[in-house]
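Values in this text are rule-based calculations from the coordinates and carry no lab data. No experiment lies behind these values; they were computed from the predicted model shown. When we count neighbours, we look across all protein chains shown, and the Cβ atoms used for this are built from the backbone with ideal geometry, even at glycine.
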């Protein structure tokens with residue numbers, strides 16, 4: 001009886017396996033853990049073979065960051081679009097940004113900011129994704145301002161503050177597990193004050 005030959009995987013299949021492995025590692029252990037050796041071990045191939053399927057590890061890391069960041073943005077956008085009322089849209093937005101179920105993504109962003117100092121590929125991607133977040137938050141605030149529900153005469157400037165503040169605080173909450181609710185309350189009250197959302201509206205919603 002002749003032993004069956006192992007089927008050689010196509011380059012496209014290998015690239016998909018490598019990207020899947022890199023994404024898994026990033027979400028489980030952080031972006032800094034996405035190394036050539038770690039990805040190769042996850043896929044089950046020799047480390048040297050990785051370079052046959054990806055141009056550079058820096059570029060792979062940047063692409064994985066982009067995919068994770070865009071997926072997060074689309075998930076948050078869907079959650080915000082699912083509710084009516086401009087105040088509720090802002091509160092859902094903040095809850096989604098701080099929620100402890102995004103701890104893995106928050107840590108990917110933390111690593112992204114750090115690693116981008118030494119990677120032009122990652123720096124370019126991270127800047128683009130950060131601007132996309134600012135644009136989205138700005139749209140939410142501008143809509144509320146036009147409706148008279150929020151005070152946001154310069155929505156993009158305020159969006160940059162909101163994104164920066166929630167980035168930093170969600171990163172802290174990700175490391176200091178168990179403080180998500182406290183952090184969310186702090187962010188909601190601060191942003192609500194800037195947007196001139198009446199305190200009674202916050203109390204009615206449990207904040």
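Every residue in region 92-145 that is free of Cβ contacts under 8 Å to residues at least 60 places away in the same chain and under 12 Å from the mean Cα position of the chain (by Cα), please.
If the condition is that a residue be free of Cβ contacts under 8 Å to residues at least 60 places away in the same chain and under 12 Å from the mean Cα position of the chain (by Cα), then 96, 101, 113, 130 are the ones that fit.
Any residue in region 71-85 that is in contact (Cβ under 8 Å) with a residue 60 or more places away in the chain, on the phi < 0 side of the Ramachandran plot and more than 12 Å from the chain's Cα centre (by Cα)?
Yes, there is a match, as at least one residue in region 71-85 is in contact (Cβ under 8 Å) with a residue 60 or more places away in the chain, on the phi < 0 side of the Ramachandran plot and more than 12 Å from the chain's Cα centre (by Cα).
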